[in-house]
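*Asks:* Dropping a structure here in structure tokens format, bear with me for questions.
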Amino acid sequence: EAVACREAICLVEDLLINNFIVASDCKQVVADINSGSRGKYGAIVAEINLRSTLFQCSFSFESRAVNYEAHSLAKYSIRRGPGRHVWLGDPHDRSCIPLSVDFE
């Protein structure tokens with residue numbers, strides 16, 4: 001989950017987005033990022049906090065029940081193997097990634 005939050009920061013850097021919220025269903029990771037904790041993944045948390053100073057961003061906990069699409073996407077991405085994967089237009093697996101996601 002910490003790596004996914006770091007990847008979110010990398011994505012918004014690439015997309016030139018300056019104001020955003022990263023939602024995660026891992027309460028501990030969100031708490032560690034918000035407090036700057038230096039636990040077993042402290043290097044990742046430190047990188048997230050350093051990179052996030054360039055933006056207006058926050059990290060928020062959302063339970064899996066309301067974060068279903070992100071959870072499904074994460075499960076799907078595990079099957080894709082290492083590296084970054086991007087698709088434009090239709091997603092690869094319509095059963096886990098709905099096409100009716102609205103961006104505000």
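*Asks:* Hey, can you tell me all the residues within region 52-77 that are open to solvent by less than 80 Å² (accessible area, probe 1.4 Å), closer than 19 Å to SER35 by Cβ and either modelled with pLDDT under 65 or touching a Cys at 6+ places or on another chain (Cβ under 8 Å) (or both)?
*Replies:* Scanning region 52-77 gives a single hit, PHE59.
*Asks:* A follow-up question, please. Could you list, in sequence order, all residues of region 13-33 that are of a type in the set (A, V, I, L, M), in a helix (DSSP H, G or I) and farther than 13 Å from THR53 by Cα?
*Replies:* Within region 13-33, LEU15, VAL29, VAL30, ALA31 qualify.
*Asks:* Which residue out of ARG38, ARG80, ARG94 is within 16 Å of GLU1 (Cα to Cα), basic (Lys, Arg) and either assigned to a strand (DSSP E or B) or at pLDDT below 90 (or both)?
*Replies:* ARG38
The values are calculated or read from the model by the stated rules, or taken from the named source; none is laboratory data. Treat the numbers as computed from the prediction; the structure is a model and nothing was measured. Quick reminder, even Gly has a Cβ in these numbers, built from the backbone with ideal geometry, and neighbours come from all protein chains shown. These area figures cover heavy atoms from the full protein model, side chains too; ligands, DNA and RNA do not enter into them. Shrake-Rupley method; radii C 1.70, N 1.55, O 1.52, S 1.80 Å.
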